[in-house]
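The structure appears right after this line, and notes come after that.
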Amino acid sequence: MERLWTPWRMSYIGGGSQPDGCIFCLNPAEQRDEENLILYRGEHAYVLLNLYPYNSGHALVVPYLHTGDFAGLPPAVGADVLALTQRTVAALTAEYQPMGFNIGLNLGHVAGGSISAHLHVHIVPRWEGDTNFMPITADTKVLPETLEQTYRRLRPRLVAPHPLPPSPARGRGGTAASHRSENSTPRAPSQG
């Protein structure tokens, strides 16, 4: 397997053990939401795009409270995290029409939590065929749109007081296509 050296990420990984260096604490405090990919702010938690997405639309729901203790999460914070997870799924469904989702938490470093000191919920939209040969043969993930494009598509849906109607089905290359019939199958965004 080929190694990709990313020493600049150590500040995110190593800094996550203390609130002073925690990216999930620093980003919302900066009040630069678009630059930090923060899509929506709730009372006790916020939604942002994953800087290293598994698929287009990969979002995170993060409490403002710096904690890795899921069981000890105050009820109001937990309720807001769940409500924002539902709101994000609704926004992703309306904008991207995925066929399913992976939603979960990686609690602790050994469970895959790269910033295990500050819990966060991953929301990954999925489509049949959303992976191709690239991760297997080239150990590379191909994403069909930039984070900035994803941000511009999702933010209006998350800030709207009521869910916006679904977007028209998107064909290859991201252009709007005619609405699907009931028998048509949603397709993954173009993988290049």
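Nothing in this text is a laboratory measurement; each read-out follows from the coordinates by a stated rule. None of the values given here were measured: they were computed from a predicted structure. Here the Cβ is made from the backbone with ideal geometry for all residues, glycine too, and neighbour counts use every protein chain on show.
Rank the residues Arg155, Arg32 as a footprinting-exposure proxy: fewest other Cβ atoms within 10 Å of their Cβ go first. Provide the component values of the computation, followed by the final result.
On the way: Arg155 19, Arg32 11.
Going from least to most buried by this count: Arg32, Arg155.
Can you compute the modelled spin-label distance between Ala79 and Ala94, with each label point 7 Å from Cα toward Cβ, in nm?
2.3 nm
Can you put His122, His162, His109 in order, fewest other beta carbons within 10 Å first? Don't jump to the answer; show the numbers that get you there.
Working: His122 19, His162 5, His109 15.
Neighbour counts put them in this order, fewest first: His162, His109, His122.
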